[in-house]
Structure formats: C-alpha cells, structure tokens
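Here it is, the structure in full.
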Amino acid sequence: MEALIAVLPGDGIGPEVTRAAIRVLQQIAARFGHRFECLSALFGGAAIDVSDSPFPMATRELVERSDAVLLGAVGGPKWSAAPSSLRPEQGLLSLRQTLGTFANIRPVKPVPCLAAVGPLRDERLAGTDLLVVRELTGGAYFGEKRRWHDSDGLEHAFDSCEYTTTEIARVVRIAANLARSRRNHVTSVDKANVLETSRLWRQVTTQVMAAEFPDVRLEHALVDSFAMQLILQPARYDVVVTENLFGDILTDEAAVLAGSIGLLPSASVGDVRADGRRGGIFEPIHGSAPEIAGRNIANPVGAILSAAMLLRHALGLEREALQVEHAVNRTLDDGVRTLDCANDSEQSSSTDAFTDHVLERLRASHES
C-alpha cells in the first residue's frame, strides 16, 4: 500500500511525539511492504509565527490531498492573548471543518502494569475498555459568538449551541457501528432535562438506534451524573456518544482512568470517501506542554497509538495496527516509563529511548 500522510507537528512537544510516531510508521511500512510518504507542514502557533495564520494555505492543500493527517499538539501561552482568528486552536477547528471529520474516537483502556500510576484503585478500573465518540464539528464551539456592552455599561457574552438532526444521526451511526464490533452497548450522554439541543439529541439518537441498530442496546445518561459514574464504575460502559462540549470535558476526565493523559490516542473521522478510505486526523489527546518542550521527556505513547489508529481507521491495516499496540504494551510491561508514568523509585526513559524500545519490540515480533 502507498499512502501520503500529512504530518502537522504543531507546538510544544508536538514535534517530539510526532517524530516518534513517524519512526514507528516507517518501521511498519518496511516490515509489511508499504510505502508511507510523510510530509510535514506548519500548523498552529508555529504557523502563526511564520505566516500569521494557524492553518496556512500550503498546509491546507497538503491535508486535502493526503490519505491521513498525523497531528502533534497546538497552543501555548505565547498565543493566548491573540485575537481568536490568530489562535492555534482556530486552526484545529478549521482543519476539522476542511476534512469533514465530524466524529472523534477516543479509546480508554487502562494498562494493568500502570495501575499504580493513576489515582483510582485497581478494583475500580478492572475490566474498563470503552470508546468515547464525540461529535466534533457542531455545538457551542462552532456556534455564533458575540460580546457587547449594554446601556448600563455591563459587558455581555454570547455563545450559541446548535445541532441538526443530520449532525446528530451521523455521529450516532459511527458509535453504533463501533459498538457492533465490541459489546453492543451505546450510552448517549446529554443534558435533556435542561437543554433543547440535548432534547433533540436524545430524540434523534433514540430514533436512529431503533430503526437502524435494534441489536445494539441503548441507554441515555445526563452528563453530570455520567461524569460521576465514569469514575465510580467505568467498566460498565462500552461505547459512549455525546456532543462536542460534553465530549471535550469527559474525554479529559477519562484520561484519569489510564493514569496519564500522555497515554491516550484519538482519531477524528468523517464519512467513507470515494476511494473507500475514511481518512481523518490522528492525534494524542494531550496538549502542547510547553514547559517540557525540547527536553526529550514527553510521553510518546499517545502519538504512537494515534499512528496505530491511523493504520486501522484511515488505511484499513488492522494487522499492522495491532502490531503497534502490542509493541507499546510489551514496552510498558518491560517497565520502560517516561517521567509522567514513573514511580519515584523508577528511572524514567527519554522520549527517544522509549520509542527505541517500541521499535525493538516490533523487530522482535517480526523475527519470531
């Protein structure tokens, strides 16, 4: 297989973790006879510094002709005071719109050997294996935004949250199809007791599931109650689907289950394209962490596992994706840890050293 992968390293630790992911992808390509052309482009704050745009035209043209996008991280205090159009995060919203990636898929499966890293007891985490599917191109993040002063001088701010039946139905279908390959259970999270958009969300979800997925069990949950239950009994959930704002918050909360936000990958996908591939944006869920950028201590696991999701969801290479995931798990089982996952008594590995170990595990699995 040949594939063009647009690499957007972004800001902070983004270049370090994407470099690790590319090394893994290139070894997979060599082992299985594929050809992955990885081309880098400016994005986020790094692009603003050069072109006064977080998503320059040259980068847009590259991602539009690519088979998939591997993204590092964007943002940082350097650009936090800039107008909204010149903030790195605006580039991220525009990228999602450009590629039509309306569903963000975030797997959460704690690694047993890292149970002591997180704040939750082992017995509470036992059996946890869930997917959160977040609607990505609608809701409050893409609604109308205004600020104004009234006649008394009071300042007001306004953010609109809007959803259509089409936007809701298509992301629910993604979630339900994923559930069919897992435990046939979908939990839809909303705030239907207060918000009209959530009432529409619940209505459409119920209709789609009944008409198209009668074999998949559906339950509804209010976001505040769900946020508590996600910590108290995470193992009861299979696939969780929710709107943009709720999904953003809940997936960061779910990172606590894994022990470190540096461990979790994500895939942002849309409809299947004419060529039969889905494409998409693949990125770790962590931020740019500017305080540790350039120190070679960032955890590359989220980025490497995002590369595995790229292989699976964008290119249809399930066997290759499993090889990467197994190599990461074996590396962690071997006791190799970056600083964020190391106990006080353990010596931590650098970003590069951890990646070297993953590559060794990939080579060993090939030789065996």
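Of Thr164, Asn193, Ala179, whose Cα points farthest to the positive end of the dipole of the stretch 146-237 (charges on the beta-carbon: +1 Lys, Arg; -1 Asp, Glu; origin at the Cα centre)?
Value: Ala179.
Say the dipole of the stretch 5-148 comes from +1 at the beta carbon of Lys and Arg and -1 at that of Asp and Glu; which of Gln97, Ser66, Gly118 then lies farthest toward its positive end?
Farthest towards the positive end: Gly118.
Just report the Cα centroid separation between the stretch 233-308 and the stretch 107-140, whole Å.
The stretch 233-308 and the stretch 107-140 have Cα centres separated by 11 Å.
Sticking with this one: Give a residue-ordered list of calculated ³J(HN,Hα) values for the stretch 131-140 (Karplus: 6.51 cos²θ - 1.76 cosθ + 1.60, θ = phi - 60°; whole Hz; x for Gly, Pro).
Running phi through 6.51 cos²θ - 1.76 cosθ + 1.60 with θ = phi - 60° gives 10, 9, 10, 9, 5, 10, 10, x, x, 5 Hz.
Rounded to the nearest 5, what % of the DSSP beta bridges within the chain are antiparallel ones?
Beta bridges within the chain, antiparallel portion: roughly 40 percent.
Kindly rank 288-301, 181-194 from highest to lowest mean number of other beta carbons found within 10 Å of each residue.
288-301, 181-194
Hey, what did the chain get for relative contact order, percent, Cα under 8 Å, at least 6 apart?
21
While we're on this one: What area, in nm² and to one decimal, does the C-alpha convex hull of the stretch 236-368 cast on average over all directions?
Answer in nm², one decimal: 10.4.
Which of Val216, Pro54, Ile231 sits closest to the plus end of the dipole of the chain, meaning its Cα is farthest towards the positive end, when Lys and Arg get +1 and Asp and Glu get -1 on the C-beta?
Val216
For Arg180 paired with Ser85, estimate the spin-label separation in nm (one decimal), with each label point 7 Å from Cα along the Cα-to-Cβ line.
Rounded to a tenth, the inter-label distance reads 4.4 nm.
Let me check I've understood the local charge: for Glu135, count other residues with C-beta under 15 angstrom from its C-beta, Lys and Arg +1, Asp and Glu -1. What total comes out?
Value of the local net charge: +1.
Compute the signed sum of charges (Lys and Arg +1, Asp and Glu -1) over the other residues within less than 12 Å, Cβ to Cβ, of Trp79.
-2
Now a separate question. So what is the calculated 222 nm ellipticity per residue for the chain, using -39500 (n - 2.57) for each DSSP H run with n of 4 or more, over all residues, to the nearest 500 deg cm²/dmol?
About -13000 deg cm²/dmol.
I would also like to ask the following. How would you rank 253-261, 278-286, highest first, on the average number of other Cβ atoms within 10 Å across their residues?
Taking the mean over residues of other Cβ atoms within 10 Å, the ranking is 278-286, 253-261.
Since every read-out is calculated from the coordinates, none of them should be taken as a lab result. Note that the coordinates shown come from a computational prediction; the quantities given were computed from them, not determined experimentally. Heads up, the Cβs are rebuilt from the backbone with ideal geometry, glycines too, and the neighbour counts pull from every protein chain shown.
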